[in-house]
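Structure, as C-alpha cells:
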Amino acid sequence: AGATDVPARVRATALWVIGFLAGGQSDFAASRTAHTESLALWRELGDKEGMGRALNSLANAYHLQGDYATARDSYEEALALFRELGDTWLIAMALSNLGNAAQTEGDYQRAVAYGTESLRLRRQIRDTFGIATTLNNLAEAALAHDDDAAAAPLLVESLTLWRTIGDKLHNGIV
C-alpha cells in the first residue's frame, strides 16, 4: 500500500533486492516477478545500468530453472547495455554469466570464448574475486570437455587467489 508514493528509482531498487533475496531462497517464481517489475521501472526511467542489472538477475532466475534460451537472451541484452555504458566490471560479469549459460547448454567453445573475454577484463581491472571465479568457471568448462590438463592450472590459480583474499567458501577450507 502506498507504493506509488515511493519514487520509481527506490521501488525499482527495492524490487531488485526482493528478487535477489527470493532467488537466494530458491523461490524463482517470486524472483522472476520482482525482477520483471524492477526491469519495467528501470525501462520507464531510461536507466540502462538498472535495466542491465535487472536483466542479469532475471536471467539468473531463468538459468537456475532450466530456461536457458530465455536466460541467454536476457544475459545478452544486459551485456549490450553494459557495453553501451562502458562499465568493465559489469561487462565482465555478464560475459562470465553468458559463459556459465553456454557451459550449461554444453557449448564448450562459447563458454571458453565468453570466459576468456571476462577473464581478460577482470585482470585488466584487478578484480581478484572475479578473476578467481572466472578461472574456476573456465576450469569447469574444461573438465566437462574432458580436458583435465587445461583445467588443472586454472583451478590452482583460482584456489590461490581465493586463499589470498581469504574467501572461505571457495578456498577449500569449508
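The values are calculated or read from the model by the stated rules, or taken from the named source; none is laboratory data. All figures in this text were calculated on a predicted structure; none of them were measured in a lab. Heads up, the Cβs are rebuilt from the backbone with ideal geometry, glycines too, and the neighbour counts pull from every protein chain shown. Areas reflect the complete protein model, heavy atoms only, side chains present, ligands, DNA and RNA absent. Shrake-Rupley method; radii C 1.70, N 1.55, O 1.52, S 1.80 Å.
Among the residues of the stretch 4-11, is any closer than 19 Å to Phe82 by Cα and either basic (Lys, Arg) or out of contact with any strand residue (DSSP E or B) (no Cβ under 8 Å at 6 or more places or on another chain) (or both)? Working first, answer last.
Keep residues of the stretch 4-11 that are closer than 19 Å to Phe82 by Cα, which gives 9.
Narrowing the set further to residues that are either basic (Lys, Arg) or out of contact with any strand residue (DSSP E or B) (no Cβ under 8 Å at 6 or more places or on another chain) (or both) leaves 9.
Within the stretch 4-11, one or more residues are closer than 19 Å to Phe82 by Cα and either basic (Lys, Arg) or out of contact with any strand residue (DSSP E or B) (no Cβ under 8 Å at 6 or more places or on another chain) (or both).
Please indicate, with yes or no, whether at least one residue in the stretch 30-49 is within 20 Å of Ala102 (Cα to Cα), open to solvent by 20 Å² or more (accessible area, probe 1.4 Å) and touching a residue at least 24 places away in the same chain (Cβ under 8 Å). No, that holds for no residue.
Tell me yes or no: at least one residue of the stretch 126-135 is under 13 Å from Ala92 (Cα atoms) and open to solvent by 50 Å² or more (accessible area, probe 1.4 Å). Scanning the stretch 126-135, I find at least one residue that is under 13 Å from Ala92 (Cα atoms) and open to solvent by 50 Å² or more (accessible area, probe 1.4 Å), so the answer is yes. In the set Ser74, Ser118, only one residue is under 23 Å from Ala22 (Cα atoms) and either at pLDDT 95 or above or more than 15 Å from the chain's Cα centre (by Cα) (or both); that residue is Ser74. Can you tell me which residue within the stretch 1-10, out of those that are open to solvent by 70 Å² or more (accessible area, probe 1.4 Å) and not in a helix (DSSP H, G or I), is farthest from Ser74 (Cα to Cα)? Going through the qualifying residues, I end up with Ala1. Glu84 passes every criterion in (1) open to solvent by 50 Å² or more (accessible area, probe 1.4 Å); (2) touching a residue at least 12 places away in the same chain (Cβ under 8 Å); (3) closer than 25 Å to Leu154 by Cα; (4) more than 15 Å from the chain's Cα centre (by Cα) apart from (3). Among the residues making up the stretch 163-174, a single one is in a helix (DSSP H, G or I) and either closer than 20 Å to Leu95 by Cβ or charged (D, E, K, R) (or both): Arg163.
Of the residues making up the stretch 112-127, those that are touching a residue at least 12 places away in the same chain (Cβ under 8 Å) and not in a helix (DSSP H, G or I) are Ile125, Asp127.
What number of residues within the stretch 92-111 are in a helix (DSSP H, G or I), within 23 Å of Leu58 (Cα to Cα) and open to solvent by 20 Å² or more (accessible area, probe 1.4 Å)?
Filtering the stretch 92-111 for residues in a helix (DSSP H, G or I) gives 92-104, 108-111.
From what is left, the residues that are within 23 Å of Leu58 (Cα to Cα) are 92-104, 110-111.
This time we only want the ones that are open to solvent by 20 Å² or more (accessible area, probe 1.4 Å), so: 93, 97, 100, 103-104, 110.
The number of residues fulfilling the criteria is 6.
All conditions but one from (1) more than 18 Å from Gly99 (Cβ to Cβ); (2) assigned to a helix (DSSP H, G or I) apply to Glu140; the one that does not is (1).
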